[in-house]
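Structure record follows, encoded as structure tokens.
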């Protein structure tokens, strides 16, 4: 999913802070059974679904929506309110969750019989193979994840680009490279990977690995009307106005145990003002009692919603997929004691208050988030890891001691990169003040938000500390720790390259026993915090409200989204 | 008058060309790289470079501009390999952010903005002018003070406040109207009116307040002229004095303001469109700016500018019709 620099909760911090007692965790209905029929309304301020094209879809909410209604993937997550259960894989378009061989370098899936496209033609192994190939056409199939390019065993050029340009431009020789890496024998689909991956069956939950039929592919325009193989199909789609899904009469429930498909119609209404969406769902009148909104409650209404018991069964207050943190550049701050001093000195309570208070999230103790499931365990960062307890307001004395113990002065000034927004300006001012108490001089480096990551991911331009947000691509810490803290990761703002750590990460990635792997990630999470590779500030939270007729609403851990497949209206 | 109109139209083409050049230059002056914005999380320098080519941003600015102008007259082809698609003339470009031809987007958005602007225009002109005349006729009396007080309140309230209050009370709380859901008038006239009435009122309140004050002040000025006294002395009925001699003489500044205000709205009533979920030109242009969508920005700027320039021309021609002393040459 996308990295994030935005902080949504800028208003109402003081108000919501007074509501500590009123705010519990998720309520919602959470029902596992629903009622057939009716129309589910989805209200959003967005002007369209960013991408319905499965190979281009790469945001949690959209992935959950599309996989719930339109496109089935080889494997999928369990629909459950419990994060650990939800992170467990189940078979979807495949008959099982995949079979690894060759030490994890080869993965085979068997495509389920009886699954059909909306026009009645069967979904075949070749359709999946073709769909995956579209990712390689990176000049047309944009914005999506590029795991197919990085993981499949297809030669790369000197500049790192794939020798296969995708199905639209490939000549026979280039196509042969792809055909060797992804093979179909009847309904058996085999992926040959460049290096072992123990959790490739999690990777294929992404719709980038979903089928697309070659004769229906319209390239750039496929976004506008995807061919469905799920329980619903697109009846009409007018961007900036609405998307209407109706039942797909070619979908056979006997082939699909994951999607009860309760409503008759799904209507996604775009371009609505955020304030009005919340007001409408609060008022709960007419069709709005059948409505949900993926946008969350506007900050100005949080107090009203969370202090009034009448909303208790309709509101959600759960972790979103993102962890917010400041990556500490180990090249600029090489001494671990200095990095630990930064962690000890920061006033995390004030940072959270600036971000929106209790509704902005829980205090984080690492970069692996509890809603990832089994890979999370408390790191003890603020209790023991730094040598003493660190309250949420910071411990400047401990920070001073750590700097003194380091045997060298702190490399002042500490340049802190951040995307310039009014909220982030305040957060940096807080950091300046709290770190100053420990003798650390922060030099703020505000950057234009649109180009933020282009700067901080360039080692030549990055400062000593950089603000960031991260959400895992699938429910495995293999999409967190290696990405953030190893040279092979795509988001190593810490510029960390420790041989022992890298080796342990590689070993964990290759583990096929999920329980053992989870323990390995938990240990590595502790090590990453011991090494103070980042200052984790909060596990982001999101608050949502749904109409009184909506049943089955909860926050689905894998995507931090509604569990679209199970929603129903009374 | 004909040569005058031809000359003004020629000037309009020059101004629009200059404007499109300036828009191109301004867009390229921003520090954000649009190619980077189209790159997902797994962004690599190769992918950014590929996106730059796909967006045409690898070409020199003048080449990009010439390609864009050329496409307006002859169209162009987008995509690559086996997946190409045409953008037929007049092709104003392709929005990669929205996945749609800009011409198609403008064709969809423009009627909505026109309906919004024209409906509000009629309301505010009728109420603004009538109440302004009435207030002037009752100058210093309580009717004048009431109308001016109401106008001051209406003029002071920002349009987003008026819009939100109307929406929340009339629709969300009192359910007097269904939630705005735009359809074309020929598809469902009732739903069209139900959707448009509140946006029209929101805009009309703001503008009518201004036109009330403007009309009143113009009327007060002309009604105190010597020729008005002469007309009254001649025994002309008061209604004729006010309508024929007073109002017509004070009409010129009202027409100027009305023409420019209407043209401004036709470029997109951003806030009103946003509040009432009307996918008009205003929303389109704001979305384009926030997403660094150059083809859409350029096209919407040009459409808005065309309205202003044409409105100026119409206003100038109306001067001649209203005031015989004005001659266009």
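The values are calculated or read from the model by the stated rules, or taken from the named source; none is laboratory data. Computed from a prediction, not measured in an experiment: that's the story for all the values here. Virtual Cβ from ideal backbone geometry, glycine too; neighbours counted across all protein chains shown.
Please state which of the following conditions residue A:304 fails to meet, knowing it meets all the rest: (1) surrounded by 20 or more Cβ atoms within 10 Å (Cβ to Cβ); (2) closer than 30 Å to residue B:276 by Cα. So residue A:304 meets the others, but not (1).
Looking at segment A:224-277, the strands (runs of 3 or more DSSP E) lying wholly inside it that each contain 2 or more residues that are free of Cβ contacts under 8 Å to residues at least 40 places away in the same chain sit at A:232-238, A:242-247. Restricting attention to segment A:456-492, the residues being free of Cβ contacts under 8 Å to residues at least 24 places away in the same chain, within 28 Å of residue A:203 (Cα to Cα) and out of contact with any helix residue (DSSP H, G or I) (no Cβ under 9 Å at 6 or more places or on another chain) number 2. If the condition is being modelled with pLDDT of 95 or more and within 25 Å of the chain's Cα centre (by Cα), then segment A:228-244 contributes A:228, A:229, A:230, A:231, A:232, A:243.
For segment A:183-216, filtering for residues that are surrounded by fewer than 22 Cβ atoms within 10 Å (Cβ to Cβ) and farther than 30 Å from residue A:520 by Cβ leaves 10. Within segment B:15-31, being farther than 15 Å from residue B:65 by Cα and either within 21 Å of the chain's Cα centre (by Cα) or in contact (Cβ under 8 Å) with a residue 40 or more places away in the chain (or both) holds for B:15, B:30. Out of A:342, A:281, which single residue is within 14 Å of chain B (Cβ to nearest Cβ), assigned to a helix (DSSP H, G or I) and surrounded by 23 or more Cβ atoms within 10 Å (Cβ to Cβ)? After ruling out the rest, the residue left standing is A:281.
Note on segment A:354-372: residues that are in a loop (DSSP other than H, G, I, E, B) and surrounded by fewer than 24 Cβ atoms within 10 Å (Cβ to Cβ) total 1. Checked against the criterion of being in the same structural domain as residue B:141 (by TED's automatic domain parsing) and on the phi > 0 side of the Ramachandran plot, segment B:255-270 contains one or more residues that satisfy it. Return the residues of segment A:411-435 that are over 29 Å from residue A:400 (Cα atoms) and either within 14 Å of chain B (Cβ to nearest Cβ) or in contact with a strand residue (DSSP E or B) (Cβ under 9 Å, 6 or more places away or on another chain) (or both); say none if nothing qualifies. Passing the criteria: A:420, A:421.
Taken over segment A:512-563, the criterion of being in contact with a strand residue (DSSP E or B) (Cβ under 8 Å, 6 or more places away or on another chain) and assigned to a helix (DSSP H, G or I) is satisfied by A:528, A:529. Keeping to segment A:396-415, report how many residues are assigned to a strand (DSSP E or B) and over 34 Å from the mean Cα position of the chain (by Cα). So the answer is 0. Residue A:149: away from chain B (no Cβ under 14 Å) and without any contact (Cβ under 8 Å) to a residue 60 or more places away in the chain, yes or no? So residue A:149 does not fit the description; no.
Looking at residue A:143, is it within 14 Å of chain B (Cβ to nearest Cβ) and either assigned to a loop (DSSP other than H, G, I, E, B) or within 28 Å of the chain's Cα centre (by Cα) (or both)? Here the answer is yes, as residue A:143 does meet what is asked. For segment A:436-455, taking the residues that are in contact (Cβ under 8 Å) with a residue 60 or more places away in the chain and more than 9 Å from every other protein chain (Cβ to nearest Cβ), the one that is surrounded by the most Cβ atoms within 10 Å (Cβ to Cβ) is identified as A:440. In this structure, is residue A:138 touching a residue at least 24 places away in the same chain (Cβ under 8 Å), farther than 21 Å from residue A:479 by Cα and facing chain B (nearest Cβ under 7 Å)? Considered against the rule, which asks whether it is touching a residue at least 24 places away in the same chain (Cβ under 8 Å), farther than 21 Å from residue A:479 by Cα and facing chain B (nearest Cβ under 7 Å), residue A:138 comes out as yes. Just one of (1) in the same structural domain as residue A:114 (by TED's automatic domain parsing); (2) within 18 Å of residue A:67 (Cα to Cα) fails for residue A:244. It is (1).
The test for being out of contact with any strand residue (DSSP E or B) (no Cβ under 6 Å at 6 or more places or on another chain) and in contact (Cβ under 8 Å) with a residue 24 or more places away in the chain holds for residue B:157.
Segment B:44-137 holds helices (runs of 4 or more DSSP H) entirely within its bounds, and those carrying 1 or more residues that are over 20 Å from residue B:292 (Cα atoms) and within 14 Å of another protein chain (Cβ to nearest Cβ) map to B:45-54, B:102-137.
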